Amino acid sequence: MLAFSPAIALHGNAPAHQAAVSACVLAVAAVWPGFSSAQDQTFRETLVSPALLEQMRQGGFVLYLRHGATDSSRMDQAPQVDLNDCNTQRVLSDAGRQQARDLGVTLQRARIPVGEVIHSPLCRARESAQLTFATQPELLRAEPLLAYTANLTSEQKKPVIAATRALVSTPVPAGTNRVIVAHAPNMADLMGYFVKPEGTMVVLRPLGQSRFEYLGSIPPSHWAALLPASPKR
């Protein structure tokens, strides 16, 4: 397990993650002009165990989900990506859409409680969230500061990385979990972990004060090991 802390101290605790995002972005922009990624962190991916899955059922975690499988023949038209026009973006493939639907069923079967779903404004993340949580659309909220960082300059990345840190470090009430649907480069910039393959879920423990702990990952293929099929009668 790896715990990650910021290089600056933020003063005061916001009552909700929206306030935490704003505070963290302002602090980074004003205090740490040299803000960069956490690539120097020693990172080793760990698969989520059945014991951790059981803990997730009790809530209190942040579940960072990389969007579903995409159509690699469609690339983002950077820097002219129009958030309102999916034709300018890399989008989910048909397999990715089915993957998102299947994950929704899997999360229900796993009895993972979800209290909010915060997604990137890009089409592939938004659609992944909509398909995975199709029965709970009221939980979904777009966060502009979860934009894809690979096409951004170092300066443009600062508020995105700060917002991501705030969302993964702000405590979550027991009995529910916070889901973030976004992109692999964002986590690579935050903690040196390029999440792959697409559709992988990363389990984090928020520790408050801009700190969080990495606990494990669930690639799409790993769900079968965590939730073996019921024996036929």
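Could you check the stretch 132-142 and list, in sequence order, the residues that are closer than 13 Å to V105 by Cβ and in a helix (DSSP H, G or I)?
Listed by number, the list holds a single entry, T132.
Determine whether S93 is open to solvent by 80 Å² or more (accessible area, probe 1.4 Å) and in contact (Cβ under 8 Å) with a residue 12 or more places away in the chain.
no
Name the one entry in L103, L139 that is at pLDDT 95 or above and touching a helix residue (DSSP H, G or I) at 6+ places or on another chain (Cβ under 7 Å).
Working: L139 fails: touching a helix residue (DSSP H, G or I) at 6+ places or on another chain (Cβ under 7 Å).
None of the other options fit; the residue is L103.
Looking at (1) without any contact (Cβ under 8 Å) to a residue 60 or more places away in the chain; (2) over 25 Å from M56 (Cβ atoms); (3) among the hydrophobic types (A, V, I, L, M, F, W, C), can you tell me which one L139 breaks?
(2)
For the stretch 112-131, enumerate the residues that are open to solvent by less than 10 Å² (accessible area, probe 1.4 Å) and either part of a helix (DSSP H, G or I) or of a type in the set (K, R) (or both).
C123, R124, A125, S128, A129
Kindly indicate whether S169 is in contact (Cβ under 8 Å) with a residue 60 or more places away in the chain, of a type in the set (S, T, N, Q), more than 12 Å from L63 (Cβ to Cβ) and out of contact with any helix residue (DSSP H, G or I) (no Cβ under 8 Å at 6 or more places or on another chain).
no
Given T153, T135, which one is of a type in the set (S, T, Y), under 20 Å from M75 (Cβ atoms), open to solvent by 50 Å² or more (accessible area, probe 1.4 Å) and more than 14 Å from the chain's Cα centre (by Cα)? Spell out the reasoning first.
Numbers: T135 fails: under 20 Å from M75 (Cβ atoms).
Going through T153, T135 in turn, the sole match is T153.
Residue by residue, here is whether (1) under 12 Å from the mean Cα position of the chain (by Cα); (2) on the phi < 0 side of the Ramachandran plot; (3) open to solvent by less than 20 Å² (accessible area, probe 1.4 Å) holds:
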site	(1), (2), (3)
G192	no, no, no
V195	yes, yes, yes
R211	no, yes, no
L215	no, yes, yes
H222	no, yes, no
L226	no, yes, yes
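Among the residues in the stretch 61-75, are any of a type in the set (D, E) and within 19 Å of the chain's Cα centre (by Cα)?
no
The values are calculated or read from the model by the stated rules, or taken from the named source; none is laboratory data. This is a predicted model, so every value here is computed, not measured. Please note: Cβ atoms are built from the backbone with ideal geometry, for glycine as well, and neighbour counts cover all protein chains shown. Just so you know, the surface numbers come from the protein's heavy atoms only, side chains and all, with ligands and any DNA or RNA stripped out. Shrake-Rupley method; radii C 1.70, N 1.55, O 1.52, S 1.80 Å.
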